Amino acid sequence: MSADKTMTPDEVVGRLTSGMTLGIGGWGSRRKPMALVRALLRSDLTDLTVVSYGGPDVGLLAAAGKIRRLVTAFGTLDSVPLEPHFCAARQGGGLELTELDEAMVMWGLTAAAHRLPFMPIRAGLGSDVLTVNPSLRTITSPYEDGEELVAVPALRLDAALVHLNRADARGNGQYLGPDPYFDDLFCQAADAAYVSCERLVDTAELLKAAGPQTLLVKRAFVTGVTETPNGAHFTSCEPDHGRDEAFQRAYVRAAKDPAAWQDFVGRFLSGDEHSYQAAVAAFHEEASA
């Protein structure tokens, strides 16, 4: 494999196919690979199984009818408790939902990363997740304790999309914010992983920017890397930028009305990434006028 793994968002999406199981990193409305999600929206891909700690990535793909099955613990915008398009798709039967709790998603990705069929865990015992997801199974410890555990299935991915603060051309990815989330597990659980970043830098600069513990994603697990400044917008990507709360509120308002949503799509989602960023800048200029 070439040492230089750089590509454009559209080239990343060009490597994906309909029907794939796609993992999307980040958490809620935090550090989502939104430039790659918007590239997905511009494509003709459909019938996707999406594994995500759901936020606007899930909402936008659901609104576009691209998700067949969603594997998630929640769908939230953080400062807005529920993702509106996720709620509409769920209530309207627009997608098949596989509900797991937050720990089950983590351990399912961990099992896949280690190429195991399942992981025995305690998470979920005594909760309704075993009722709403009857496909889950329990297992008895083969040792003297005889403890009953949940056998959470591996969440093996065809491809993963994650967004980080910095990366180099070889695919090493660095987070600079307060939380790594589980982007490394998404990459390790996938047959192919694509990293978008706020800024592409030389490898030496990754070590200068912060300690080596911030080097979250290793190049061995990365297929492609793309520089997308402000590419997590409107979600947060601390310390590069916070969540765009004003834009997120506009997104939520538009999602509640079909005509308003069509206007939103026409203004912000009908062009390429450059057009999107320009429209967002104009949105803020109008708001401050």
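The values are calculated or read from the model by the stated rules, or taken from the named source; none is laboratory data. Just so it is clear, the model here is predicted, and its values are computed rather than measured. Because the Cβ atoms are built from the backbone with ideal geometry, glycine has one as well, and the counts that use them run over all protein chains shown.
At a glance:
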item	result
Flag if L41 is buried (at least 20 other Cβ atoms within 10 Å of the Cβ) and either outside the structural domain of A255 (by TED's automatic domain parsing) or under 23 Å from F268 (Cα atoms) (or both)	no
Restricting segment 179-223 to residues that are in contact with a strand residue (DSSP E or B) (Cβ under 6 Å, 6 or more places away or on another chain) and part of a loop (DSSP other than H, G, I, E, B), the residue that is surrounded by the fewest Cβ atoms within 10 Å (Cβ to Cβ)	P180
Matching residues in segment 263-289 - criterion: being in a loop (DSSP other than H, G, I, E, B) and closer than 20 Å to R249 by Cβ	L269, A289
Count of segment 91-139 residues which are of a type in the set (V, I, T) and assigned to a strand (DSSP E or B)	4
Single residue of segment 167-178 satisfying the filter (touching a Leu at 6+ places or on another chain (Cβ under 8 Å) and closer than 17 Å to M7 by Cβ) that is surrounded by the fewest Cβ atoms within 10 Å (Cβ to Cβ)	A169
Residue among A220, A232, A192 that is over 20 Å from R38 (Cα atoms) and aliphatic (A, V, I, L, M)	A220
Test for R69: is it within 28 Å of G271 (Cα to Cα), surrounded by fewer than 16 Cβ atoms within 10 Å (Cβ to Cβ) and not aromatic (F, W, Y)	yes
Qualifying residue in segment 228-248 (condition: closer than 23 Å to L82 by Cβ and of a type in the set (A, V, I, L, M))	yes
Residues being of a type outside the set (K, R) and more than 15 Å from A169 (Cβ to Cβ) - total across segment 199-214	7
Restricting segment 140-157 to residues that are in a strand (DSSP E or B) and within 23 Å of the chain's Cα centre (by Cα), the residue that is nearest to I24 (Cα to Cα)	L157
Set A232, A254: member being assigned by TED's automatic domain parsing to the domain that holds A167, surrounded by 15 or more Cβ atoms within 10 Å (Cβ to Cβ) and either at pLDDT 95 or above or in a strand (DSSP E or B) (or both)	A232
